[in-house]
Amino acid sequence: MLKLKELLKEQDNTTSAKEWRKVEKTITRGMDMVFDKGVKYIRDYERSNLPPAEKKMLSDFWDDYMILKSRFQRINNHLITKKHLK
């Protein structure tokens, strides 16, 4: 058991910059595709005659999407500027 713990401590878990760029591109493309395919149309439904509960759900979804996108951008910028990538 002690040897396993030592091996886990010695294991290099850092992510390479090249690997992170691939992951970052995939996530960004996916989020952009989601936005292009449907999220951008949610704002149109806020002016429609949907019931208030559904309008609120769509509005909350829009807000959550924008928060998720900005948080990912902050994480990405932090990793790059603080040189956490090898």
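Every number here is computed from the coordinates shown, using simple stated rules; none is lab data. Computed from a prediction, not measured in an experiment: that's the story for all the values here. Every residue, glycine among them, receives a Cβ derived from its backbone with ideal geometry; neighbour counts consider all protein chains shown.
Below, the figures for the structure above:
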| item | result |
| --- | --- |
| Size descriptor, Kirkwood hydrodynamic radius, that averages inverse alpha-carbon separations across segment 18-81, Å | 13.3 |
| For MET57, net neighbour charge (Lys/Arg +1, Asp/Glu -1) across residues whose Cβ lies under 12 Å away | -3 |
| Over 25 Å (Cα to Cα) - which of LYS37/LYS83; LYS22/LYS56; LYS40/LYS83; LYS18/LYS69; LYS25/LYS69; LYS37/LYS82 fall in this group | LYS37/LYS83; LYS22/LYS56; LYS40/LYS83; LYS37/LYS82 |
